[in-house]
Structures are given as C-alpha cells and as structure tokens.
Amino acid sequence: MTDLTTWLLSQIDADEAVAVEGVETLGDWAEDSADLDAGALLWQAKRTLAQCAAHRRIVELHSPEVDACPPMDTSDDAAFYDSWCPTLRAIAGIYADRPGFREEWALSGDTERAGGAG
Ligand SMILES: [Zn+2]
C-alpha cells in the first residue's frame, strides 16, 4: 500500500470504529424504541458501516496486488495529479479536514466542502 491508500484505510478504520460503537450502544434499544432520534442515529451508524465497507473495497481495488484501476498516467502534469485516480482522491476529500491530508490529493472544491464532518 502507498501513502494515500494507507492514509485512507486508517481514516476509514476510524469512522468504522465510531459506527461499530454506535451500533453496539444503540442496538436493540433503538430498534425497540419509539424515539425517532435514536432510530435515526442507529440508521446513520449502520449506513456509515456500509459506506466504510464500500470505500475500503474501492481502495483495495487500487492496490498494486489487485490493479483493477491503475494510477493515471499523468506524465504531462504529474506533480498536480500526483498520479492518483480521481476516485481515490474523491474519497480522500471526505477526510480533507483531518491530519495527514495532502493538498495535492484534493480535487477541485474538496477543501471548501470538508468542514466539520470529521
Ligand atoms: Zn480508480
């Protein structure tokens, strides 16, 4: 794994840990409760788990071992694109407000949208 994929997997792991804790904490109580807030929180935690699994799979598809989506050939402007697939860079943009995010990974507009989500 490389810098971006390693960093992305650690961000996904962190989100997943919070979501697992949410499901475990809310679990049966929220499903049996008429409290709409509890139900919404449980739904969000379960949705986050599904998104983490999907994002992890996308990152894995970009590993050298799988090579399903090789890095772009950006020989004309390698410094700008950093040779990373825009799909990975779009996922990285979710975490643009977290430590370790590199500006060269950003797609246009990432830093403006990433506020307070992390
Ligand atoms: Zn790709």
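The values are calculated or read from the model by the stated rules, or taken from the named source; none is laboratory data. None of the values given here were measured: they were computed from a predicted structure. Here the Cβ is made from the backbone with ideal geometry for all residues, glycine too, and neighbour counts use every protein chain on show.
Exactly one of these conditions fails for residue 37: (1) at pLDDT below 90; (2) assigned to a helix (DSSP H, G or I); (3) surrounded by 11 or more Cβ atoms within 10 Å (Cβ to Cβ). Give me its number.
With respect to (1) at pLDDT below 90; (2) assigned to a helix (DSSP H, G or I); (3) surrounded by 11 or more Cβ atoms within 10 Å (Cβ to Cβ), residue 37 is out only on (3).
Just to verify a result, which residue in the range 54-69, among those that are part of a helix (DSSP H, G or I) and in contact (Cβ under 8 Å) with a residue 12 or more places away in the chain, is surrounded by the most Cβ atoms within 10 Å (Cβ to Cβ)?
Residue satisfying both the conditions and the ranking: 59.
Sort through 31, 16, 24 and tell me the only one that's under 20 Å from residue 98 (Cα atoms) and either at pLDDT 95 or above or assigned to a helix (DSSP H, G or I) (or both).
Of the residues listed, the single one that is under 20 Å from residue 98 (Cα atoms) and either at pLDDT 95 or above or assigned to a helix (DSSP H, G or I) (or both) is 16.
In the range 58-100, what count of residues is obtained for those that are more than 9 Å from the ligand (Cβ to nearest atom) and at pLDDT below 85?
16
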